[in-house]
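Visitor: Sharing a structure here in structure tokens format.
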Amino acid sequence: MNPLDSGLTEYPAADRFAVGLERAFQAQMLASQVYLKILENPSLISLFSRDDQVDSFWGMPWANQVATWGPPIDLDSITKTGFRRDLLPLHGIAAIPRNP
């Protein structure tokens, strides 16, 4: 849990606001997809119900994780279809009108 700006220093200052919002969108989409995947599959509900079982899952070889979980979540595709950078204000939060 670090300040958002500390992870965006590699981007030009003018792009940091948009990149930060895109990363926040990706985090929300990733969490949503993970919860949906687990809650729709009774064996995954069981697997992720206890810390020792979660640790066991992450200790598996990659091929076993994929066999258990299924294909990885395609975050790039979700971002390309769901995140609209062209709708962001040009100058960050300060450009969004505020009600007095």
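Any read-out appearing in this document is the output of simple, stated calculations on the displayed coordinates, not a laboratory observation. Remember, predicted model here, so these are calculated numbers, not experimental data. Positions of Cβ are backbone-derived with ideal geometry, glycine not excepted, and every protein chain shown enters the neighbour counts.
Visitor: What is the residue count in segment 29-66 for residues that are over 20 Å from the mean Cα position of the chain (by Cα) and within 20 Å of V19 (Cα to Cα)?
Guide: Of the residues in that region, 0 qualify.
Visitor: Those residues that are loosely packed, with under 14 Cβ neighbours inside 10 Å, assigned to a helix (DSSP H, G or I) and not polar (S, T, N, Q), I need them from segment 31-41; list them, please.
Guide: The answer is A31, Y35, L36, L39.
Visitor: Might you check whether a residue that is closer than 18 Å to G7 by Cβ and surrounded by 11 or more Cβ atoms within 10 Å (Cβ to Cβ) occurs anywhere in segment 42-55?
Guide: Scanning segment 42-55 turns up no residue that is closer than 18 Å to G7 by Cβ and surrounded by 11 or more Cβ atoms within 10 Å (Cβ to Cβ).
Visitor: Could you please give the count of residues in segment 67-76 that are more than 12 Å from the chain's Cα centre (by Cα) and in a helix (DSSP H, G or I)?
Guide: Counting residues in segment 67-76 that are more than 12 Å from the chain's Cα centre (by Cα) and in a helix (DSSP H, G or I) gives 3.
Visitor: Identify, from the list A24, A18, the residue that is surrounded by 12 or more Cβ atoms within 10 Å (Cβ to Cβ) and either on the phi > 0 side of the Ramachandran plot or in contact (Cβ under 8 Å) with a residue 40 or more places away in the chain (or both).
Guide: None of the others qualify; the one that does is A18.
Visitor: Sticking with this structure for a sec: Got at least one residue in segment 42-51 being in contact with a helix residue (DSSP H, G or I) (Cβ under 9 Å, 6 or more places away or on another chain) and under 24 Å from G82 (Cβ atoms)?
Guide: yes
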